[in-house]
Amino acid sequence: MAFALVRSALGAIKEKGLKGAFRAAKEEGYFAALLDGNLANSKFRIDGVKLVGVDKAGNRYYEKMSHVQHGRHRWVVYADKVYNASAIPPEWHGWLHHITDHTPEQLEGLRPSRYGVEHMKNRTGEGEQYIYHAKGHALNPNKRDWKRYEEWRPVE
Amino acid sequence: MLRQVANRGLAVLRGAAASQRACATRVVSDRPQQIQQFGVFSREYSTALNLHRNTSDNNPDVPFEFTSANMEKVKEILSHYPKNYKQSGIIPLLDLAQQQNGGWLSINSMNKIAEIVGVAPIRVYEVATFYSMFNRQKVGTYHVMVCGTTPCMLRGSRTIEATLLKHLGVERNEVTKDGKFSVGEMECMGCCVNAPMIVVADYSNGVEGYSYNYFEDLTPERVVEVIEAYRKGEKPPHGTQHPERLNCGPAGGLTTLLGEPKPPPCRDLAAC
Amino acid sequence: MAWRSKLSQSLQELRIHMCQTSVASKATREFVVKNYKDLKTLNPRLPILVRECSGIQPRLWARYDFGVERSIALDGLSEPEISKKLEELAATAPQSKTPMHA
Amino acid sequence: MAPRCRRYSLPLRRSSTGSAPRRLASPVVDSASICGAGSGVAAAEGSGSRGLHSGVAWYAGIRGQLYEGKGRGKDGSKQVSESYKWSSGMSLGGVRHARTASVAAVGAKFTANPEDCIEVSVDGSNVTIAKGMTVLQACEVAGIDIPRFCYHPRLSIAGNCRMCLVEVEKTPKPVASCALPAMPGMKIKTNTPLVKKAREGVMEFLLINHPLDCPICDQGGECDLQDQSMVYGSDRGRFIEAKRGVVDKNLGPLVKTVMTRCIQCTRCVRFASEIAGVQDLGVLGRGGAEEIGTYVEKLMVSELSGNVIDVCPVGALTAKPSAFTARSWELKSTESIDVSDAVGANIRIDSRGPEVMRILPRLNEEVNEEWISDKARFSYDGLKRQRLNEPMIRNSEGQLEPVSWAKALKTVAEAAHKVNPAEMAAIAGKLSDAESMMALKDLMNRLGCERLWVEGNGENADADLRSNYLVNTTIAGLEYTDACLLVGTELRHEAPLLNHRLRKAVRNSRAKVASIGPELDLHFKCEHLGNSSDALLSIAQGKHPFAQVLSKAKFPSIIVGSGVLQRSDKDAVLAAVQSIVQQANMIRDDWNGYNFLLLNAAQAAGLDLGFVPGARAPVGDKSSIKFLYLMGADDLTPEDIPADAFVVYQGHHGDRSAYRANVILPGVAYSEKEGTYENTEGRTQQTSPAVPTVGDARDDWKIVRALSEFAGVTLPYDTVNGVRARMLAVAPNLFRVDELEPATPLPKESLPESKTKLESLPFKKVVDNFYMTDAISRASKTMAQCTAAFSSS
Amino acid sequence: MAARRALAVLPSSLRGLSSVAFHPAELQGVYNFGADSKANVIRAGEIGEVSGVPDEHLHRKVLIYSPARVASQQGVGKTGVWKISFESTQKWENPLMGWTSTGDPYHAVGEAALYFDTKEAAMEFASKYGWEYTIREPKQVIQRTKAYADNFKWRGPAEEEG
């Protein structure tokens, strides 16, 4: 990727000259785009970036309302290095995907109190115990017995 | 348009809630907690629940027997009917039991009647729940029933009832603390000419002294007087309370038909 | 008629099949009406199963020891002849087969 | 014309023109075949074991070989005039001289004399109906289904739902067809716009207070209100006020109530008072506050209470045990027969996958009409519990351990050969079907064992004459009795449906009923004459006033309970009964009032098959038994079984006897097999398999057949048709499925005299607890709940 | 004719089956059994034989019946049809998901599809396939006269006591 970028930049220089290429890149906003990226924004704290919140797992949610490409104004920086999109809890998922403009703190009152389980990220591949088995699967530790009758056992 | 519908719906809901509240408070306070919650099921247009719930004064352990004098009456009543149709006497017997029992029917009084006429108790319960004249909850010694049907309502029966309730300090179907009065509602009793009217059922003297009197042409002031008279043990004059009216005639003398009415036109019969 | 009292010595069970109404079963019916009391009194423990079924052929079935059965059709026979057949059935009891393990 | 019972215009005897033998097969068989040893079914084997193509040919073949071919035509009429006794004229279906208007879709039939018929026009076409029928019935005969809620064919007419409105020409308004008698020449219209509009109006009122909870309602999918609202209902209501709510009632562990759904059709009230005879339900209150209830907290104590669930046209009364378990459209229904008592009610087993979800009654006018007892309806959950699913053998440590079939059968065969045939015995249980009893009888006989009996019949049962152990009046015929004596029977607990028929007789024609035996409220007026045989004796001697009642009666009857079989003076009791029968002239050409009520489903077939001790069987002393074969028999107490006996238990439930068994052979329950049963009136009926059996269990007759091979006395049949062919050679009436072969009583002169003396003993109860009588109901949780709830009352 | 030709290519063991007589008396007049000249007439069991149905299903035992009205409903709309039931109970709960499994290919056929207007049609169908059938006749309702007035009918004088 980076190699392709360098090659296309070299190609542009070769075609338009160094100055021409620089001007064209600036006109087309390439440099702004470099700085606009989430990585740069969140790592280097360029102006206008707001940390909206941190969820239980430590994922950090950011927002930048000006000078960003459309649709890229909310992002998450995962707590884990080896990350997985399923690490985002549903309450933050709504905010992150622009389903709602309210953060989970603001929506706390709507959270059902009588039911609902704590969010857990998908742990597939992290070990035997996380493999899903169907209700009647032999490896399911809570294997369900489908036998619809109860047999007699002699009790001596 | 939409708002109208919404308002109407809300009004209905409010009405329902209000009636439920009213029903809930109507429940006599000495009932146990568990019974109170059934109050909300009773409906505003029904005088009482169609269910029996044991209370301290109304349960299968409270005995009921007809007095020997009344037993004679029972026999007299049953003699009107064929022997195998004794159940025809359920209504008069219920009435008798109600008079004897101070104006209401306990569960055992109904069971007793079922035993006398030889039917299952449920057949008696059916009759007793059907007719609103039969009270299955305790009422006052003087049970006052206000007519709530259209002519009386137009002539101010609501005010009469409100006055009564305020004067006695009770809700509808509730008995005063001294046990003397209770107020209920009745459907049209046929005195529309002299509306508004009330009925006072007097259970103070058992079956012999039982009376069921109409008081007509009432005003809020007059109804209080009537009640107070009863409280003193007097017997206020029943019938119309209008000073200038005789029975159901016009107040202050005739206003029409003052002279000999003009005969209808008739052909000359003699000429035929 | 001595064979009658010995009926339960050779037979384990006697079955009489007949129709309730048919002509062919008439003699069998007569046989039952006339002889049942006698047979039963003499052999109180012998099951004499009178089985009626409309339209069935009258038939006498005898069951001996070890489930051996024989039957005789009775249509066309008169009542004394049926008696005779019964006697035959009683007399021709198969040699009592001993249980194979004894 | 045959004599008729005028009141009901039913002939009491089959007319003389039409009762030639019903089935006549063409070939006359060589009848001199004396079958050799072990080939009692030789005739059957020829075609029966051919198996594959046999279907009808097999049936016809058997019939041809075993049924006589004579007597058709001229002979036929002659033989009938000589018919020597009564034949099943009481059966409702066998009515002659009746014009029957039968419509394919409806199947409605009526019986009446032609002169008692009238003609009305329904939607332009003329139909002939009996005088006195209602307009609704006329429409039904015409094949037009009138919507209705309150009308029920088996209850009195209430006329309060107004759904059955039709238009009759020259009436100003639509009329309620259920309550209007049809008049000759009436012109009825059922599909005019007026009718539709009228019914729509009624439907709108009905739906005012009916909740919209069809998705969570158990009646959803088979609800009359739901179906009819599809035609007459609106998609929106005009009612904006608050709907009413009604307090639910507690009617016990069987009937669930959601009273808000009630539309006040009062069917349940009428059912309770008219059919069940428990005056508990009533209509309380008036107007919009009207509701169905008991007023005081009271359970509905009736053996027929489950039927209010069927009677209810909406979801107000539903089955509590099967609440929220299945929807009606996902169920597969199998038409079968109930075995919980000897009445043999026709049922429909509804199953989903391998599980029985519920049991419903099925129409059979001659047996159960449309009712079944609560035990029949709700004991099905016992089919899922305590099941024996693999063969077991008691090992040397005294523990039962699962083994293979081969090993189990081998063990049994070896044990059987170790003992003397005289020391063997076999008992068939209450629920055994005829096929397995036949196989077991053949097997035991071949092994030399003659000591066989069916539970309930006892060891001394007399299986000779069918008329001596059947309900000869027939179940339907009992309705016509006008005086009945019950001897040693608690009819309500022993056969609730028969009790209902007798109740009908009391209600409709004021029949007089008296009972000698344990005292029990039968839910109708019944004079209790004490519980001792003295009362019986005084009636038999004509001293008792009830003897006069019986002899004055037109259709007197007597019902003897099967508890009599357990008495030591059984013969004397039966002799006393016989003399009552004689005195009251109960057995006539047009009426047979002698009834022996059996208790269990297996009893009648067992007696028919001669599943009784043979002529030289040792009887009485049970201590000599060394080898005991129990086919689902659980009534023996452990003390009855000698400690050194080898006990084989073949059955479907681990009930009492399974604990004592040395070998357990798992069989199948009635819902899983195709078995023949005979009910107490002698009607042969067959069950159909509805669900697969459990585990390794096998059909009972197959187990016996396999065992016979291990024992070296192979039985000569290996298909179910083969067993049935063998049954044909033993009790041919068991071959006539769904039919009643009437039993002819012998004249008293032909019956042997009893030598025993009547003892002054009380009659014992035979049913301690109605809800738990057999292995299935004892395993049922619902029945346990019923026992707990109703035991106090 | 086509059926005949198809039969000819079947293994002889299968063809042998066709010689087993299947003569429902009710069909005698309709079919001329064994008359080869009338080759276009379908012989009993012939459809089953040529259809390639496995042997074990060729001669199934079936029940021809007309389902009774559900006791809990009064409408008769669903009654009057005739069904062929295979009395199939080869069912079990699938151990993995608990769904119902079956080992009987005819299970759903009988449940869902085989409806006939008349008994004869069902019998003819069954015999064409060579199924061994039993017929169970439906029970009929008997209409009894009754009147609304019965509720109020004079039940006669009282019985004497004693």
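The values are calculated or read from the model by the stated rules, or taken from the named source; none is laboratory data. Source: prediction; values computed, not measured. Neighbour counts run over all protein chains shown; Cβ positions are idealised from the backbone, glycine included.
Annotations
- Residues within region D:403-418 that are among the charged types (D, E, K, R) and out of contact with any helix residue (DSSP H, G or I) (no Cβ under 9 Å at 6 or more places or on another chain), tallied: 2
- Of the residues in region B:227-249, at least one is surrounded by 15 or more Cβ atoms within 10 Å (Cβ to Cβ) and among the hydrophobic types (A, V, I, L, M, F, W, C).
- Residue count, region D:548-574 (criterion: more than 26 Å from D:Pro496 (Cα to Cα) and not charged (D, E, K, R)): 4
- Taken over region E:82-118, the residue count meeting the criterion of being within 9 Å of another protein chain (Cβ to nearest Cβ) and either part of a loop (DSSP other than H, G, I, E, B) or among the hydrophobic types (A, V, I, L, M, F, W, C) (or both) is 13.
- D:Phe524 being within 19 Å of D:Gly488 (Cα to Cα) and aromatic (Phe, Trp, Tyr): yes
- Single residue of region B:174-183 satisfying the filter (under 14 Å from the mean Cα position of the chain (by Cα) and at pLDDT 90 or above) that is surrounded by the fewest Cβ atoms within 10 Å (Cβ to Cβ): B:Val175
- Among residues of region A:122-142 that are within 14 Å of another protein chain (Cβ to nearest Cβ), those with a beta-carbon under 9 Å from a residue that is at pLDDT below 85 and not in a loop (DSSP other than H, G, I, E, B) at least six positions away or on a different chain give the pairs A:Gly136/E:Glu93; A:Leu139/A:Glu128.
- All conditions but one from (1) closer than 14 Å to B:Tyr203 by Cα; (2) in contact with a Gly (Cβ under 7 Å, 6 or more places away or on another chain); (3) not in a loop (DSSP other than H, G, I, E, B) apply to B:Asp95; the one that does not is (2).
- Considering only residues in region B:85-140 that are in contact with a Phe, Trp or Tyr (Cβ under 6 Å, 6 or more places away or on another chain) and of a type in the set (Lys, Arg), the one that is nearest to D:Lys298 (Cα to Cα) turns out to be B:Lys112.
- A single entry from D:Ala439, D:Ala416, D:Ala406, D:Ala422 fulfils the requirement of being surrounded by fewer than 21 Cβ atoms within 10 Å (Cβ to Cβ), within 13 Å of another protein chain (Cβ to nearest Cβ) and among the aliphatic types (A, V, I, L, M): D:Ala422.
- Take the conditions (1) part of a helix (DSSP H, G or I); (2) away from chain C (no Cβ under 13 Å); (3) not hydroxyl-bearing (Ser, Thr, Tyr); D:Leu728 misses just one of them, which is (2).
- Positions within region D:446-494 being assigned to a loop (DSSP other than H, G, I, E, B) and more than 25 Å from D:Gly614 (Cα to Cα), in sequence order: D:Asn472, D:Thr473, D:Thr474, D:Ile475, D:Thr481, D:Asp482, D:Gly488, D:Thr489, D:Glu490
- Filter result for C:Phe66 (at positive phi and hydrophobic (A, V, I, L, M, F, W, C)): yes
- Residues that are free of Cβ contacts under 8 Å to residues at least 60 places away in the same chain, more than 14 Å from chain B (Cβ to nearest Cβ) and surrounded by fewer than 24 Cβ atoms within 10 Å (Cβ to Cβ) are absent from region D:284-291 altogether.
- Looking only at residues in region D:333-372 that are among the acidic types (Asp, Glu) and closer than 26 Å to D:Tyr469 by Cβ, the one that is farthest from the other protein chains (Cβ to nearest Cβ) is D:Asp341.
- Segments classed as strands (runs of 3 or more DSSP E), wholly inside chain C, with at least 2 members that are surrounded by 18 or more Cβ atoms within 10 Å (Cβ to Cβ), facing chain D (nearest Cβ under 7 Å) and free of Cβ contacts under 8 Å to residues at least 12 places away in the same chain: none
Here's the yes/no breakdown for (1) surrounded by 20 or more Cβ atoms within 10 Å (Cβ to Cβ); (2) within 31 Å of the chain's Cα centre (by Cα); (3) within 28 Å of D:Arg492 (Cβ to Cβ):
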position	(1), (2), (3)
D:Leu599	yes, yes, yes
D:Ser623	no, no, no
D:Pro642	no, no, no
D:Gly667	yes, yes, no
D:Ser671	yes, yes, yes
D:Thr680	yes, yes, yes
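- Some residue of region A:83-90 being within 14 Å of another protein chain (Cβ to nearest Cβ) and without any contact (Cβ under 8 Å) to a residue 12 or more places away in the chain: no
- Test: residue in region D:365-381 that is aliphatic (A, V, I, L, M), surrounded by 22 or more Cβ atoms within 10 Å (Cβ to Cβ), touching a strand residue (DSSP E or B) at 6+ places or on another chain (Cβ under 8 Å) and part of a loop (DSSP other than H, G, I, E, B): yes
- Single condition D:Ile144 does not satisfy, out of (1) hydrophobic (A, V, I, L, M, F, W, C); (2) closer than 27 Å to D:Gly277 by Cα; (3) in contact (Cβ under 8 Å) with a residue 40 or more places away in the chain; (4) assigned to a loop (DSSP other than H, G, I, E, B): (2)
- Which numbered condition C:Ile16 misses (of (1) modelled with pLDDT of 90 or more; (2) more than 11 Å from the chain's Cα centre (by Cα)): (2)
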